[in-house]
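Structure, as structure tokens:
A short reminder: the numbers here are calculations on the coordinates, not readings from a lab. Remember, predicted model here, so these are calculated numbers, not experimental data. Counting neighbours? That spans all protein chains shown, and the Cβs are built from the backbone with ideal geometry, glycine included.
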Ligand SMILES: [Zn+2]
């Protein structure tokens, strides 16, 4: 179901300031990927974020902060009549998002952008897509037409097919966690894991020794995940320390690669949903130790 009539407010609606900042930095570096899975229970919030990202991508400002809110593209986006921003939404309810929408999107995506900058497709409540609809989207995600970006909004990533998830960058807007405080133990754990220069055995035994009870585990893993996300932003944006960054963050940035932080963030997110789903904590820490070790030692 195509839905073109919802208001937009460029930035003030965006509750996830850090995620917005992250996108601004990606955009400035020309590093915005072609497909994002925006994950979060609050669909309205995800929609605000997707609209912000769409304005950012299509903003015509030559200098200054984007989205500028003043150029023709920003104004059209704000008035919800930008010809190159198209929203598809589920009709409401599981499997109510059909392949016909994806076919429509697919034929449209190959037509050159009206304004010449690019095109954005926002898929709201994508967890309601049928398997056929998701499969129909794969090729488009794999070989997207030039200048086309997809923002796929879903409540939880695991509601989508793995083949779709693996073709997207993931942004989690879950519970304002991008803005959360990170506990000291998350810094400590991340630093030790990266600094261990010994064998896989040393790495495993350290990580498994941390293994706390479920509630504490969720706090630790949540903190580590947020930390990995923030470090990834800093790595990707290659920002210089402006004096506000603390020493422990700098140390972590020296120890880990962007690739590690990206992998760690994904692995930790998976572990968190497993822990929330009552997975065995021992088994979970063992699996996570293996995944983090692989991420750490993987050759670029
Ligand atoms: Zn603009």
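Between 234, 255, 56, the Gaussian network model of the chain with springs among Cα atoms under 10 angstrom shows the greatest mean-square fluctuation at 255.
Nearest 5 percent is fine: what portion of the DSSP beta bridges confined to the stretch 1-158 is antiparallel?
5 percent
Put simply, the convex hull of the Cα atoms in the stretch 105-233 casts, on average, a shadow of 11.0 nm².
Would you please put 184-194, 264-274 in order of how densely packed they are, using the mean number of other Cβ atoms within 10 angstrom per residue and starting with the highest?
Working: 184-194: 17.8, 264-274: 20.6.
Final packing ranking: 264-274, 184-194.
Estimated from the Cβ-Cβ distance and a Förster radius of 35 angstrom, the FRET efficiency linking residue 192 and residue 27 is about 0.55.
Within the chain, what percent of beta bridges assigned by DSSP are antiparallel, to the nearest 5? Provide the component values of the computation, followed by the final result.
Working: 1 of 21 bridges.
Around 5 percent of the beta bridges assigned by DSSP in the chain are antiparallel ones.
The alpha carbons of the stretch 17-177 occupy a box of 42, 38, 27 Å along the principal axes, longest dimension given first.
If r is the Cβ-Cβ distance from residue 18 to residue 70 and R0 is 30 Å, what FRET efficiency results, to the nearest 0.05? So, using R0 = 30 Å, E works out to roughly 0.75.
Once R0 is set to 25 Å, what does the formula 1/(1 + (r/R0)^6) return for the Cβ-Cβ distance between residue 95 and residue 290, expressed as a FRET efficiency to the nearest 0.05? After rounding, the FRET efficiency stands at 0.10.
Mean separation of Cα pairs under 8 Å and 6 or more residues apart, divided by the residue count, gives the stretch 7-154 a relative contact order of 29 percent.
Highest mean first, the peptides 113-119, 199-205, 220-226 sorted by other C-beta atoms within 10 Å per residue fall in the order 220-226, 113-119, 199-205.
Dividing the mean sequence gap of close Cα pairs (under 8 Å, 6+ apart) by how many residues the chain holds gives a relative contact order of 19 percent.
Which whole-number percent gives the relative contact order of the stretch 181-297, counting Cα pairs below 8 Å spaced six or more residues apart?
Details: 107 pairs, mean separation 43.2, N = 117.
With pairs under 8 Å counted, the relative contact order is 37 percent.
Taken along its three principal axes, the alpha carbon spread of the chain comes to 57, 45, 32 Å, from the longest extent down to the shortest. Relative to its Kirkwood radius, the Cα radius of gyration of the stretch 181-297 gives an Rg/Rh of 0.96.
The label-point distance for residue 279 and residue 206, in a model that sets each label 7 Å from Cα toward Cβ, rounds to 2.2 nm.
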